[in-house]
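The values are calculated or read from the model by the stated rules, or taken from the named source; none is laboratory data. These numbers come from a predicted model, not from an experiment. Positions of Cβ are generated from backbone atoms using ideal geometry, with glycine treated the same way; all protein chains shown enter the neighbour counts. When the accessible area is computed, the model is the full protein with side chains, heavy atoms only, and any ligands, DNA or RNA have been set aside. Shrake-Rupley method; radii C 1.70, N 1.55, O 1.52, S 1.80 Å.
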Amino acid sequence: MEWEYQVRTDNGDTVKSGWSPAVRATAPPKTTPPPVGIVTTATATGLDVVWGSPSGPYTDTIDRYQVITFDEDTPGGIIDSTSVTGKSIHIEDLTPGHHYAVAVVTWNAAGGGIPGAGRAVTIGAATPPAPRNLQVTSTDATTVQLTWSGSPQAAGCRVWVRNITNGSQSSAAEFVVDTTHRGSAMPLSPLARAWVRVPRAVVAGWR
């Protein structure tokens, strides 16, 4: 994989230098993919994370996993991480009511790879109520804008959609939305009618 780099100084929004000349470098990564099947479960004062081993090149030298957590409700918060040699961890002494992002990195002889994101959790929260006031607005011939009223207990929501014109099965977006809106929610065929659902998020243990 070839990368191109340029550098400039930044001393504020309006005090920046010009860019340096571009240089190129080829990266021959020998790290491994992120873990598979990352499952996060909140507890009253912490969280549990479990995962599976990745497969592919360079996985024969895996020696540990790095678990990253980030408190999304603390202004100026910093990323915390810890490493384990197994495939599960319990992290204690987190702030009840706060939303935490979670990711896991595989480490091998070449170093750490790209993080794999788990689902966010809200510490100490019960199952939140279902989202309310779902509104769907058509923005053009093939996309829609979704908005809804969420719950502070929810760590996120997942959007499901089904084309009821052709009778297809409902399917969920691959990622979790941690806001109360989603732009260009799903590409749809022109003139198709769609069924959309935003189910409640399970916070004390996604399922």
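Net charge near Ala25, counting Lys/Arg +1 and Asp/Glu -1 over other residues with Cβ under 15 Å of its Cβ?
For residues surrounding Ala25, the net value is -1.
Please calculate how many Å² of accessible area the stretch 1-85 carries per residue, with a 1.4 Å probe and no DNA, RNA or ligand atoms counted.
Heavy-atom SASA per residue in the stretch 1-85 reads 68 Å².
Measure off 7 Å from each Cα along the Cα-to-Cβ vector at Thr95 and Val36, then give the distance between these two points in nanometres to one decimal.
Taking the simple label geometry, Thr95 and Val36 are separated by 3.7 nm.
Just check the stretch 57-167 against the gyration tensor rule for me: Cα atoms, a ≥ b ≥ c as the square roots of the eigenvalues, rounded for a/c under 1.5, and otherwise prolate or oblate depending on whether a/b exceeds b/c.
oblate
Mind putting a number on the dipole of the stretch 1-133 about its Cα centre? Charges go on the C-beta only, +1 for Lys and Arg and -1 for Asp and Glu, and I need it in Debye to the nearest 20.
Dipole magnitude for the stretch 1-133 comes out near 340 debye.
Specify the inter-centroid distance of the stretch 7-36 and the stretch 54-107, based on alpha-carbon positions, in whole Å.
Cα centroid to Cα centroid, the span is 24 Å.
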